[in-house]
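The values are calculated or read from the model by the stated rules, or taken from the named source; none is laboratory data. No experiment lies behind these values; they were computed from the predicted model shown. Counting neighbours? That spans all protein chains shown, and the Cβs are built from the backbone with ideal geometry, glycine included. These accessible areas exclude ligands, DNA and RNA; they are computed on the full protein's heavy atoms, side chains included. Shrake-Rupley method; radii C 1.70, N 1.55, O 1.52, S 1.80 Å.
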Amino acid sequence: MSKTTTDATPNAADDQDLGAAGSQLSTAPKEDAPNLPALGVIGWARWFWRQLTSMRVALLLLLLLALGAIPGSLIPQTGTDETKVADFRTAHPTLGDVYDKLGLFHVYSSVWFSAVYILLFVSLIGCIVPRTWQFVGQLRSRPPGAPKRLTRLPAYTTWRTEAEPEDVREAALTLLKKRRFRAHVAGDAIAAEKGYLREVGNLAFHIALIVMLIAFAWGQLFKSEGNKLILEGDGFSNTLTQYDDFKSGNLFSNDDLVPFSFTLDDFYGTYETSGPNKGTPRVYQATVDYSVGAYGKDKKSVIKVNEPLEIGDSKVYLTAHGYAPVIKIRDGKGKVVYDDAVPMLPLDSNVTSTGVVKVLDGYKNAQGVREQLGVSAFFLPTYTKGSETASTFPALLNPVLNLTPYYGDLGVDSGIPQSVYQLNKTHMKQFKDAQGKDVRENLRPGESMKLPNGAGTISYEGTKEWANFQVTQQPGSTWALAGALAAIFGLAASLFIQRRRVWVRAVKGADGVTVVEMAGLGRSESAKVPEELGDLAGILYDLAPGAPEAPDAEEPGTEKLGPEHTDPHTHPHPPVVPAERPEK
Amino acid sequence: MTLAAVTDLAGATNLAAATNESLANLSNTLIYSAMAVYTLAFFAYIAEWLFGSRSKVGRTAAALTAEAKAKAKAPAVTVTKGGSTAVLERPQVVVRSAAGSRDVPDGPGAHGGDEQGDLYGRIAISLTVLAFLVELAGVIARAASVERAPWGNMYEFNITFSTVAVGVYLSLLALKKNVRWLGLFLITTVLLDLGLAVTVLYTASDQLVPALHSYWLYIHVSTAIFCGAVFYVGAVATILYLFKDSYENKLATGGTPGRFANSVLDRLPASASLDKFAYRVNAAVFPLWTFTIIAGAIWAGDAWGRYWGWDPKETWSFITWVAYAGYLHARATAGWKGRKAAYLALIAFGCWLFNYYGVNIFVSGKHSYAGV
Ligand code: HEM
């Protein structure tokens with residue numbers, strides 16, 4: 001290996017001493033000062049590229065990414081909570097406008113956040129590709145030969161022996177190879193290197209980051225997510241029209257929906273009955289019968305909060321649960337005009353719920369005129385005296401249904417879509433009793449209320465339960481997971497494996513006695529390098545035992561050690577070497 | 001079910017509730033006892049430092065002021081290394097630190113070589129071991145009383161966290177690592193952590209909401225606590241590094257640090273050793289932190305229908321992760337090593353702390369059932 005390599009060397013001072021010996025111990029890009037480039041577009045482009053793929057800029061981009069992620073955690077985000085964003089906008093109109101301009105309500109899909117991570121990943125690719133080539137080059141070439149002065153290296157040892165230099169080198173080569181070093185004879189010395197897996201791990205880690213990002217982006221583009229509220233006993237099949245609401249990524253197409261269907265057999269929930277967490281759900285599960293494809297066999301499954309039902313790329317989650325009072329409405333003549341379970345939306349953790357009944361046609365009032373009916377309903381699964389408007393427990397212990405009936409025009413024919421949970425009262429009138437008071441009544445199961453002037457009756461027949469399911473499809477999650485696992489292993493290899501070199505030189509001294517010199521160099525200074533060197537030296541020393549010391553054999557730059565230091569048992573733990581070596 | 005069976009069941013539940021209640025009380029007693037023993041340990045550590053201040057060490061100062069002389073000789077530290085077999089004579093490995101780095105020896109530790117100080121230090125460690133065992137018993141009793149892992153709310157998280165932090169410290173001691181200097185700083189903050197836990201954060205023992213019922217709870221939260229404890233040890237070392245480094249800088253440029261700095265900082269390991277220790281600790285636990293986030297994502301995938309949704313807790317784990325990645329990068333980037341990297345490490349730990357306290361208390365998100 002020649003001195004012209006442009007790779008990182010431990011530092012400028014060591015450069016002259018170690019030559020190529022310390023080079024390419026890592027594939028980290030060389031840091032050069034941000035000199036302004038020579039003129040010309042290509043010059044600037046190259047300069048820009050060099051800057052972008054330098055460690056300094058990568059570090060700055062990393063810090064920017066962290067910094068940029070912060071506002072999204074403190075400002076309400078449209079992606080997670082649309083209503084909070086709306087609240088914020090009404091509370092702070094001017095600030096809201098500013099935030100809007102800056103994309104602060106959707107930080108993680110904003111232009112500037114995307115710019116940071118795209119730059120980071122361009123930088124990452126620009127870093128990985130050359131590093132990979134360089135590493136392949138390192139694998140194909142041999143470990144660099146021994147520097148002239150081994151004493152300059154961070155760990156060094158020497159002794160004199162009667163053995164022939166060739167024999168010592170031969171023994172060293174065998175020993176190092178047995179220790180799984182890549183070793184070869186280079187002139188009068190053995191050059192050996194170990195720990196390439198560190199670099200492999202580091203490259204694998206950075207590549208895994210790219211895999212994860214692509215998998216995540218892929219998932220965002222092709223994902224779909226829909227909600228469906230299902231009454232006990234009812235079913236659902238996975239087509240677009242069946243969903244209550246549905247969101248999908250930009251590239252999703254309806255054919256991507258996994259074909260399956262299921263019916264909700266039973267919802268079962270139990271709740272903490274006492275203590276500070278009274279009312280907290282304990283068991284919360286839905287039993288379903290599902291089948292895959294058009295002619296699939298029926299299978300039973302239990303869906304719990306942490307245990308979605310997985311069908312192909314789809315997952316079916318249990319996200320909410322509530323009650324659906326069965327309401328029967330008769331007109332003045334006693335004809336049943338409505339008989340259905342009406343799902344109520346929970347308002348709090350004790351499942352105080354609201355809902356609406358809409359009778360669109362079939363109803364005629366006392367005068368025999370066609371009219372529409374609307375009933376706004378409040379439902380308390382556990383009614384306690386004194387708490388008139390809020391349930392006191394989530395289970396169905398003492399249900400009360402509070403009804404307020406209206407008549408008139410529901411406004412559904414105007415063509416504007418309406419929520420099934422809201423009543424448009426602009427053309428509706430409230431029923432009044434003989435005294436002119438609003439009609440409003442609390443019903444228990446089995447009870448009915450009479451509408452004034454023979455307008456009919458409303459009865460509360462019983463209560464069904466419903467469960468809400470979220471069906472999500474996010475392709476690419478397997479890739480994301482694989483990338484994540486590869487990242488962990490790569491990272492562990494990169495951080496725990498030391499890459500290091502060992503040289504063993506054996507030459508005949510002037511007095512005809514062989515001088516053995518061993519030296520070790522790690523990418524970063526570590527106690528392990530001298531320890532390992534000592535270990536190797538100990539074994540080699542047994543193969544090539546020491547000869548009497550020549551009076552002038554001492555190398556400059558090393559301190560001679562006192563005899564009390566020679567007993568290996570007095571220092572079972574060598575002191576940790578101070579200061580990590582600057583790598584560049 | 002017959003009526004008798006129902007009342008039987010109710011009776012059994014009551015009985016179980018009663019034993020749980022007494023276990024919870026036992027746990028509280030144990031935690032308070034642990035605090036008492038930690039307090040004793042705290043005073044013993046103080047005594048160690050006080051007695052240690054009697055001895056005049058001045059090793060750092062000597063090394064730095066004699067630098068010119070030392071440079072002329074050789075900036076080498078010598079170390080012996082024996083082989084595996086007992087042979088009388090062995091070649092010695094000479095270890096040389098990088099050119100340009102200071103060659104400051106490690107300080108002797110809090111006791112400063114003072115015999116009485118050392119004795120108090122040993123007493124402090126014994127008391128720490130005792131307090132650790134008592135606290136551990138308290139955590140286990142708590143777990144038994146709630147019949148689940150003791151990580152359901154911030155109170156439980158805090159008591160487990162400090163137990164693990166002390167456990168990490170004691171394990172390092174048992175492995176004969178040079179970490180005795182951590183003692184006083186660690187125990188002081190453990191006391192603060194426990195004080196906060198039993199006053200502000202206390203939550204009566206109870207079971208978990210279904211969203212927390214998952215074996216991922218064990219995996220994700222236990223690694224999160226462990227990582228936090230180790231990052232914390234790293235942060236303490238980093239702070240001490242910054243102090244010691246400016247102390248060394250001051251000495252090297254001919255300044256005279258204050259008496260207090262002289263006395264305390266001189267007894268700490270060299271700044272290079274502290275820096276290295278902090279790096280090792282942070283780097284060692286970084287892959288586990290990565291795993292923690294991934295385990296959390298898998299759990300979120302099961303519980304909430306998406307593995308990543310930029311929930312505040314997720315976001316802050318990500319920020320913490322990126323900040324530590326930045327720290328590791330900084331140490332490989334020219335011009336960013338040393339103090340700048342150390343500041344990054346502290347910022348990263350600050351992110352971890354904010355993720356725990358700040359997000360639980362100030363920001364609402366899907367994770368906010370932590371039961372403040
Ligand atoms: C997505 C953002 C990135 C993350 C999260 C990340 C993370 C990490 C981590 C944790 C390490 C520590 C492993 C070690 O010290 O051996 C590391 C090392 C490294 N990274 Fe990155 N990195 C990112 C982007 C980049 C980019 C853009 C570059 C190229 C400019 C780069 C180049 C390197 C190099 C060369 C090392 C090894 C340093 C050494 O040899 O000590 N990384 N990276």
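Being touching a residue at least 40 places away in the same chain (Cβ under 8 Å) and outside any strand (DSSP E or B) is the requirement here; does A:Ala395 meet it?
yes
Filter the stretch A:238-262 for residues that are open to solvent by less than 60 Å² (accessible area, probe 1.4 Å) and without any contact (Cβ under 8 Å) to a residue 12 or more places away in the chain and give the result.
Answer for the stretch A:238-262, where residues must be open to solvent by less than 60 Å² (accessible area, probe 1.4 Å) and without any contact (Cβ under 8 Å) to a residue 12 or more places away in the chain: just A:Ser253.
Results for (1) closer than 23 Å to A:Gly522 by Cβ; (2) among the basic types (Lys, Arg); (3) within 15 Å of the ligand (Cβ to nearest atom); (4) assigned to a helix (DSSP H, G or I), shown as yes or no for each residue.
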{"residue": "A:Phe88", "(1), (2), (3), (4)": "no, no, no, yes"}
{"residue": "A:Leu95", "(1), (2), (3), (4)": "no, no, no, yes"}
{"residue": "A:Trp112", "(1), (2), (3), (4)": "no, no, no, yes"}
{"residue": "A:Phe121", "(1), (2), (3), (4)": "no, no, yes, yes"}
{"residue": "A:Cys127", "(1), (2), (3), (4)": "yes, no, yes, yes"}
{"residue": "A:Leu139", "(1), (2), (3), (4)": "yes, no, no, yes"}
{"residue": "A:Lys148", "(1), (2), (3), (4)": "yes, yes, no, no"}
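Taking only the stretch B:102-158 into account, find how many residues are at pLDDT below 75 and acidic (Asp, Glu).
2
Go over the candidates A:Gln430, A:Gln422, A:Gln435 one by one and state the one that is under 26 Å from A:Lys247 (Cα atoms) and either loosely packed, with under 15 Cβ neighbours inside 10 Å or more than 51 Å from the chain's Cα centre (by Cα) (or both).
Within the list A:Gln430, A:Gln422, A:Gln435, the selection yields A:Gln422.
State which residue is nearest to the other protein chains (Cβ to nearest Cβ) when the search covers only the stretch A:104-118 and only residues that are surrounded by fewer than 17 Cβ atoms within 10 Å (Cβ to Cβ) and not aromatic (Phe, Trp, Tyr).
The first filter runs over the stretch A:104-118 and keeps only residues surrounded by fewer than 17 Cβ atoms within 10 Å (Cβ to Cβ), leaving A:109, A:111-112, A:114-115, A:118.
Then drop every residue that is not not aromatic (Phe, Trp, Tyr), which leaves A:109, A:111, A:114-115, A:118.
On the way: A:Ser109: 10, A:Val111: 17, A:Ser114: 14, A:Ala115: 16, A:Ile118: 15 Å.
Per the criteria, the residue is A:Ser109.
For (1) within 16 Å of the ligand (Cβ to nearest atom); (2) within 30 Å of A:Ala163 (Cβ to Cβ), each residue gets a yes or a no:
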site: A:Thr457; (1), (2): no, no
site: A:Gln470; (1), (2): no, no
site: A:Gly483; (1), (2): yes, no
site: A:Ala486; (1), (2): yes, no
site: A:Val516; (1), (2): no, yes
site: A:Leu521; (1), (2): yes, yes
site: A:Val529; (1), (2): yes, yes
site: A:Asp542; (1), (2): no, yes
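Quick check on A:Asn442: is it open to solvent by 40 Å² or more (accessible area, probe 1.4 Å), at pLDDT 85 or above and of a type in the set (S, T, N, Q)? Write out each step before concluding.
Numbers: open to solvent by 40 Å² or more (accessible area, probe 1.4 Å): yes; at pLDDT 85 or above: yes; of a type in the set (S, T, N, Q): yes.
When the stated conditions are applied, A:Asn442 passes them.
Yes/no per residue for (1) within 14 Å of chain B (Cβ to nearest Cβ); (2) over 30 Å from A:Ala510 (Cα atoms); (3) within 16 Å of the ligand (Cβ to nearest atom):
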{"residue": "A:Glu166", "(1), (2), (3)": "no, no, no"}
{"residue": "A:Lys178", "(1), (2), (3)": "no, yes, no"}
{"residue": "A:Ala191", "(1), (2), (3)": "no, no, no"}
{"residue": "A:Tyr196", "(1), (2), (3)": "no, yes, yes"}
{"residue": "A:Val211", "(1), (2), (3)": "yes, yes, yes"}
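Can you name every residue in the stretch B:294-334 that is more than 7 Å from every other protein chain (Cβ to nearest Cβ), free of Cβ contacts under 8 Å to residues at least 40 places away in the same chain and under 27 Å from A:Arg523 (Cβ atoms)?
Those that are more than 7 Å from every other protein chain (Cβ to nearest Cβ), free of Cβ contacts under 8 Å to residues at least 40 places away in the same chain and under 27 Å from A:Arg523 (Cβ atoms): B:Thr320, B:Trp321.
For A:Phe496, are the conditions met, namely being under 51 Å from the mean Cα position of the chain (by Cα), open to solvent by 20 Å² or more (accessible area, probe 1.4 Å) and touching a residue at least 40 places away in the same chain (Cβ under 8 Å)?
In short, no.
Filter the stretch A:276-309 for residues that are without any contact (Cβ under 8 Å) to a residue 12 or more places away in the chain, open to solvent by 50 Å² or more (accessible area, probe 1.4 Å) and at the interface with chain B (Cβ under 9 Å from one of its Cβ atoms); which is farthest from the chain's Cα centre (by Cα)?
This residue is A:Pro276.
Let me confirm something: among A:Leu213, A:Leu197, which residue is open to solvent by less than 60 Å² (accessible area, probe 1.4 Å) and under 30 Å from A:Leu495 (Cα atoms)?
A:Leu213
Tally up the residues in the stretch A:384-443 that are more than 21 Å from A:Thr457 (Cα to Cα), polar (S, T, N, Q) and out of contact with any helix residue (DSSP H, G or I) (no Cβ under 7 Å at 6 or more places or on another chain), please.
Count: 11.
Could you pull out every one of the strands (runs of 3 or more DSSP E) wholly within the stretch A:430-541 that has 2 or more residues that are within 14 Å of another protein chain (Cβ to nearest Cβ), touching a strand residue (DSSP E or B) at 6+ places or on another chain (Cβ under 9 Å) and hydrophobic (A, V, I, L, M, F, W, C)?
A:456-473, A:500-508, A:514-522
Taking the condition of being touching a residue at least 40 places away in the same chain (Cβ under 8 Å), outside any strand (DSSP E or B) and within 42 Å of the chain's Cα centre (by Cα), how many residues in the stretch A:324-377 meet it?
Number of matching residues: 5.
Counting just the residues of the stretch B:224-273 that are among the polar types (S, T, N, Q) and within 24 Å of B:Gly117 (Cα to Cα), which one comes out nearest to the other protein chains (Cβ to nearest Cβ)?
Only one residue tops the list, namely B:Ser273.
So which residues in the stretch B:319-336 are over 15 Å from B:Val281 (Cβ atoms), open to solvent by 10 Å² or more (accessible area, probe 1.4 Å) and either within 11 Å of the ligand (Cβ to nearest atom) or aliphatic (A, V, I, L, M) (or both)?
Scanning the stretch B:319-336 gives B:Trp321, B:Ala325, B:His329, B:Ala332, B:Ala334.
Within the stretch A:56-83, track down each residue that is more than 9 Å from every other protein chain (Cβ to nearest Cβ), part of a helix (DSSP H, G or I) and either more than 16 Å from the ligand (Cβ to nearest atom) or touching a residue at least 60 places away in the same chain (Cβ under 8 Å) (or both).
Within the stretch A:56-83, A:Val57, A:Leu61, A:Pro71, A:Glu82, A:Thr83 qualify.
Is there a residue being among the small types (Gly, Ala, Ser) and more than 26 Å from A:Gly334 (Cβ to Cβ) anywhere in the stretch A:426-441?
Going residue by residue through the stretch A:426-441, those that are among the small types (Gly, Ala, Ser) are A:434, A:436.
With the extra rule that they be more than 26 Å from A:Gly334 (Cβ to Cβ), the set shrinks to A:436.
Yes, the stretch A:426-441 has at least one match.
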